[in-house]
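Enquirer: Would you mind keeping the following structure in view while I ask a few things?
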Amino acid sequence: MGVLIFVLVVVVIIALIGLAMAIKIVKQYEQGVLFRFGRLLGVRSPGLRIIIPAVDVLHRVSLRVVTMPIQSQGIITRDNVSVDVSAVAYYRVADAVKSVIAIENVSAAINQIAQTTLRKVVGQHTLDETLSETDRINLDIREILDVTTAEWGVQVTLVELKDIQLPDSMKRAMARQAEAEREKRAKIINAEGESLAAAALGDASDIMMAHPLALQLRNLQSLVEIGVDKNTTVVFPAPLMSTIGELGTFLTREAAAATPRAPLTPPDEAPIGGITKTIPGPELNGMTEVV
């Protein structure tokens, strides 16, 4: 009786173990690839699946996007500059059967092919292209990886260069180049400003030549600006002094013209014994004044 009970207990335990081995759960983000005696039977969708223990083997393959860092690679660019470039790749399994049958370890294979592709693509570009055209380099790497991994049932969705390390000497050289470039732009902008200012001054001088009064008004405005600072010394520009002299001459001439004069008589009508004097000038128009 005791032996029978023992046998029943052993059978129940074996049955429970067999049932536990037969029950498989495929998660929502997975697909199951079922083999029976080493032969492919097909793909099992997510849910509860029953297999035959010791006969069937179920490989569960994740369909989620995998983030794979590509470790830093020492690369020599086309212009013989040594740089260290690291990147990151994103891929997902598109065909669960190929990812199990076509390759042994899909993750390790993609990591190795990504490193070699990164070195090959970056090595075909110069340093300036590597720094400025990262989008095109990312696209080239992704296209090469996508073609290679398509046979493994894997789709590479994105590749991005993460970091580019330059030698210290190259960093200093690039800093000097950037500084020289900024100085060049500053000098060009300054020269353009001087050219525009000279053109504007030329136009202003043409206007002042056509309207002399404009120059006088400008000189007076300069005096007003100088007087704002309450300086004890005022410097008069030379053109202003000549303008003041011309203004004084003009006022003197106007005052002389406004003064009453004796009547003028022609030379043939001068009185006998009188002294006559011919006054030249625009005021008398060549007439003779009696003294």
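Enquirer: Search the stretch 71-80 for residues being within 11 Å of residue 122 (Cβ to Cβ) and out of contact with any Lys or Arg (no Cβ under 7 Å at 6 or more places or on another chain), and hand back the single one that is least open to solvent (accessible area, probe 1.4 Å).
Expert: Looking at the filtered set, the residue picked out is 77.
Enquirer: Tell me, which residue of the stretch 142-184 that is in contact with a helix residue (DSSP H, G or I) (Cβ under 8 Å, 6 or more places away or on another chain) and over 30 Å from residue 33 (Cα atoms) is most open to solvent (accessible area, probe 1.4 Å)?
Expert: Residue satisfying both the conditions and the ranking: 160.
Enquirer: Conditions first: (1) under 15 Å from residue 85 (Cα atoms); (2) among the hydrophobic types (A, V, I, L, M, F, W, C); (3) more than 27 Å from the chain's Cα centre (by Cα). Residue 166 passes all but one, so which condition is the exception?
Expert: (3)
Enquirer: With the requirement that a residue be open to solvent by 40 Å² or more (accessible area, probe 1.4 Å) and either at pLDDT 90 or above or among the hydrophobic types (A, V, I, L, M, F, W, C) (or both), what does the stretch 81-94 give you?
Expert: Result: 84, 90, 92, 94.
For every residue, the table says whether it meets (1) under 56 Å from the mean Cα position of the chain (by Cα); (2) under 16 Å from residue 153 (Cβ atoms); (3) open to solvent by 30 Å² or more (accessible area, probe 1.4 Å).
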site: 19; (1), (2), (3): no, no, yes
site: 24; (1), (2), (3): yes, no, yes
site: 27; (1), (2), (3): yes, no, yes
site: 37; (1), (2), (3): no, no, yes
site: 47; (1), (2), (3): yes, no, no
site: 53; (1), (2), (3): no, no, yes
site: 56; (1), (2), (3): no, no, no
site: 61; (1), (2), (3): yes, yes, no
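Enquirer: Does at least one position in the stretch 97-119 carry a residue that is within 17 Å of residue 137 (Cβ to Cβ) and open to solvent by 70 Å² or more (accessible area, probe 1.4 Å)?
Expert: Yes, the conditions are met somewhere in the stretch 97-119.
Enquirer: Kindly evaluate residue 66 against the criterion of being touching a Gly at 6+ places or on another chain (Cβ under 8 Å), open to solvent by less than 70 Å² (accessible area, probe 1.4 Å) and at pLDDT 90 or above. Quick ask: steps written out before the conclusion?
Expert: Details: touching a Gly at 6+ places or on another chain (Cβ under 8 Å): no; open to solvent by less than 70 Å² (accessible area, probe 1.4 Å): yes; at pLDDT 90 or above: yes.
It is false that residue 66 is touching a Gly at 6+ places or on another chain (Cβ under 8 Å), open to solvent by less than 70 Å² (accessible area, probe 1.4 Å) and at pLDDT 90 or above.
Enquirer: Between a residue in the stretch 93-113 that is in contact (Cβ under 8 Å) with a residue 60 or more places away in the chain and any residue that is in a helix (DSSP H, G or I), which pairs come within a Cβ distance under 7 Å, given they are 6 or more apart or on different chains?
Expert: Every condition considered, the pairs that remain are 93/99.
Enquirer: Quick check on this structure: which one of 45, 82 is free of Cβ contacts under 8 Å to residues at least 40 places away in the same chain and small (Gly, Ala, Ser)? Lay out the reasoning, then the answer.
Expert: Working: 82 fails: free of Cβ contacts under 8 Å to residues at least 40 places away in the same chain.
45 is the lone residue from the list that is free of Cβ contacts under 8 Å to residues at least 40 places away in the same chain and small (Gly, Ala, Ser).
Enquirer: Further question on the same structure: Determine if the stretch 18-27 includes at least one residue that is more than 25 Å from residue 96 (Cα to Cα) and either without any contact (Cβ under 8 Å) to a residue 24 or more places away in the chain or in a helix (DSSP H, G or I) (or both).
Expert: Yes: the stretch 18-27 contains one or more residues that are more than 25 Å from residue 96 (Cα to Cα) and either without any contact (Cβ under 8 Å) to a residue 24 or more places away in the chain or in a helix (DSSP H, G or I) (or both).
The values are calculated or read from the model by the stated rules, or taken from the named source; none is laboratory data. Note that this is a predicted model, so its numbers are computed, not measured. So basically every Cβ, Gly included, is an ideal-geometry build from the backbone, and we count neighbours across all protein chains shown. For the accessible areas, the whole protein counts, side chains as well, though only heavy atoms, and no ligand, DNA or RNA atoms are used. Shrake-Rupley method; radii C 1.70, N 1.55, O 1.52, S 1.80 Å.
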